Amino acid sequence: MATVVVAAMLVGTATMAGASSPSPRALAPSKVPVPTVEGPIRGPGTPSIIASSFSLTKVGYSAQEYFISGSATSYRAVGAPPANGRWKVTAASKATYKTRIIVYRPSDPKRFNGTVIVEWLNVSAGSDTGPDWIGDHTELIKQGFAWVGVSAQALGVNGGSSVLGLGTSGLKGSNPPRYATLHHPGDAYSYDIFSQAAQAIWHPRHVSVLGGLKPKALIADGESQSAFFLTTYIDALAPAAHVFNGYMIHSRWSGGASLTGALALGTKEPFRTDLGRPVMAFETETDLTMGYVRDRQPDTTWFRDWEVAGTAHADDYTASVGLSDTGKPGAAEAILTHDSPFTAFGCTTALNSGPQHWVLDAAISDLNRWVRTGTAPPHAPRLDLVAGATPTIKRDALGNALGGIRTPELDVPTAVLSGDAPAGSSLTCKLFGSTVPFTTATLTSLYPTHAAYVTKFDQAAGRAVKAGFLLPADATQIEAAAAGSNTP
């Protein structure tokens, strides 16, 4: 298709879409302790984590689990947290810990691109989950990133009750013979544990968790609850830790977490902008209405905010396709209208099937380039809001969001793709948004023929590539899916 060719030609344009920032400085020497590392752990059983469901050997990657241990420090604030996010903290107490990390890396060292994504594993569902690995693993694998998932929080190790009310036995209860020696002293220590996990990557002693690969950059990453913790990490701990070259904060609401480890949602907590390190916020419609609107801040030399129209905090790709997607053609589920409610959650509408993971591919690619070369991502338009005591997303006559990062799924729609769920929905259903397919009459009024639909879709894909929010290879895949659909 014509747009595929244009997209390939525009890859250079997308690369140049962002302004050039100062070159990132080398990390200053860190005083964070290097933990003791054991592994790789051979058994009994296999690593416990919700991530991709296929064997990584199919895509030329390996998977290993390691235990890290040492003494972690908790912190307390010096004075009230300031309005600019530039916290001052001091050490409070120390406690011993032993947790685990999971490492996915290219089996062929020549494929390693030098960057490690270090994801703060999410525990909201009651078990350690790697939501950004699920959402973005196809691009990470394609580009040769290494990925390290860190069991930073106590719930994932010790068990307990999650914020969604789901009970868990934690790693220790899920496989006692494998994890019996693990112990986590509490989330007040999670920040330092996360820093020490980074040190284990940077400074291999007797055990190299990367199998001998030499990292050139580490990017801290967290989604949802993990993003709240990373917000506090950036503002309170990052200035002294000196272990990460950049930060991806995905689907954060307002506020962050306290230094004791409790969530502090609803408070105002901006990102500090004096780190001299790239910080990227990636937000969906749901996140804006759940409170992020209160913490919006302008782009700066070292900060970018991407808000993506038609997306939800979690979505159909996360819940289904993403777990088994090996990156082969045919997995372009983002443009397919899934019109069956996910009854396992008790939802009354279909989960959001919007284009979040495609834009996330561009975001992580751009963030890596920013970290490694100083070329910043493009500035993104913000979602349009209806002012009021509780701001809402402004929508067009069809019901889709206005403003924000535009994708062909939104500009050439076949459904209402929303970060909202019907009133009265459970919190889980609200997080997954909704998809409401257009009627046949609406579709035929928009696209008299299939050719008309494909032409418009290809044009919109080209615009998204040119703007820097869609990678050319992804545009090729979703254009093929659009061409193979039966719209209208």
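The values are calculated or read from the model by the stated rules, or taken from the named source; none is laboratory data. Predicted, not measured: the structure shown is a model, and the values here were computed from it. Because the Cβ atoms are built from the backbone with ideal geometry, glycine has one as well, and the counts that use them run over all protein chains shown. Areas reflect the complete protein model, heavy atoms only, side chains present, ligands, DNA and RNA absent. Shrake-Rupley method; radii C 1.70, N 1.55, O 1.52, S 1.80 Å.
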Read through the list (1) touching a Pro at 6+ places or on another chain (Cβ under 8 Å); (2) without any contact (Cβ under 8 Å) to a residue 24 or more places away in the chain, then give the number of the only condition that Thr407 fails. (2)
For the stretch 220-235, enumerate the residues that are part of a helix (DSSP H, G or I) and open to solvent by 10 Å² or more (accessible area, probe 1.4 Å). Gln225
Which numbered condition in (1) over 28 Å from Ala421 (Cβ atoms); (2) not in a loop (DSSP other than H, G, I, E, B) is the only one that Arg205 fails? (2)
Looking at Ala314, Ala281, which is the one that is aliphatic (A, V, I, L, M), open to solvent by less than 10 Å² (accessible area, probe 1.4 Å) and under 14 Å from the mean Cα position of the chain (by Cα)? Ala281
Unique residue being crowded, with 21+ Cβ neighbours inside 10 Å, under 30 Å from Tyr179 (Cα atoms) and either of a type in the set (Asp, Glu) or at pLDDT 95 or above (or both) when the list is Ala72, Ala63, Ala91, Ala95: Ala72
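Listed here are the residues, each with its yes/no results for (1) in a helix (DSSP H, G or I); (2) over 28 Å from Ala482 (Cα atoms); (3) in contact with an Asp or Glu (Cβ under 8 Å, 6 or more places away or on another chain); (4) at pLDDT 95 or above.
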{"site": "Asp305", "(1), (2), (3), (4)": "no, yes, yes, yes"}
{"site": "Ala312", "(1), (2), (3), (4)": "no, no, yes, yes"}
{"site": "Thr318", "(1), (2), (3), (4)": "yes, no, no, no"}
{"site": "Leu323", "(1), (2), (3), (4)": "yes, no, no, no"}
{"site": "Pro329", "(1), (2), (3), (4)": "no, no, no, no"}
{"site": "Asp339", "(1), (2), (3), (4)": "no, no, no, no"}
{"site": "Gly354", "(1), (2), (3), (4)": "no, no, yes, no"}
{"site": "His357", "(1), (2), (3), (4)": "yes, no, yes, no"}
{"site": "Arg372", "(1), (2), (3), (4)": "yes, yes, no, yes"}
Any residue that is of a type outside the set (Ser, Thr, Tyr), closer than 21 Å to Ala363 by Cα and open to solvent by less than 20 Å² (accessible area, probe 1.4 Å) - is there at least one of those in the stretch 254-267? no
Please find, within the stretch 375-404, the residue that is nearest to Asp295 (Cα to Cα) out of those that are buried (at least 17 other Cβ atoms within 10 Å of the Cβ) and in contact with a Pro (Cβ under 7 Å, 6 or more places away or on another chain). Leu385
Residue by residue through the stretch 423-452, note down the ones that are among the aromatic types (Phe, Trp, Tyr) and within 31 Å of the chain's Cα centre (by Cα). Phe432, Phe438
Members of the stretch 106-149 that are surrounded by fewer than 23 Cβ atoms within 10 Å (Cβ to Cβ) and charged (D, E, K, R): Asp108, Lys110, Arg111, Glu139, Lys142
Within the stretch 50-60, the residues that are open to solvent by 40 Å² or more (accessible area, probe 1.4 Å) and either touching a residue at least 12 places away in the same chain (Cβ under 8 Å) or in contact with a Gly (Cβ under 6 Å, 6 or more places away or on another chain) (or both) are Ile50, Ser53, Thr57, Lys58
May I ask you to verify whether Glu269 is closer than 29 Å to Gly354 by Cβ, part of a strand (DSSP E or B) and of a type outside the set (Lys, Arg)? no
Out of the stretch 240-258, which residues are more than 19 Å from the chain's Cα centre (by Cα) and modelled with pLDDT of 95 or more? Ala240, Ala241, His242, Val243
What are the pairs, 6+ residues apart or on separate chains, where a residue within the stretch 462-487 that is basic (Lys, Arg) has its Cβ under 7 Å from a residue that is part of a helix (DSSP H, G or I) and open to solvent by 30 Å² or more (accessible area, probe 1.4 Å)? Lys466/Thr13
With the structure loaded, tell me whether Ala26 is in a loop (DSSP other than H, G, I, E, B), free of Cβ contacts under 8 Å to residues at least 24 places away in the same chain and not polar (S, T, N, Q) or whether it fails that test. yes
Of the listed residues (Ile364, Ile335), the one being open to solvent by less than 50 Å² (accessible area, probe 1.4 Å) and modelled with pLDDT under 90 is Ile335
Of the conditions (1) modelled with pLDDT under 95; (2) part of a loop (DSSP other than H, G, I, E, B), the single one that Thr3 does not satisfy is (2)
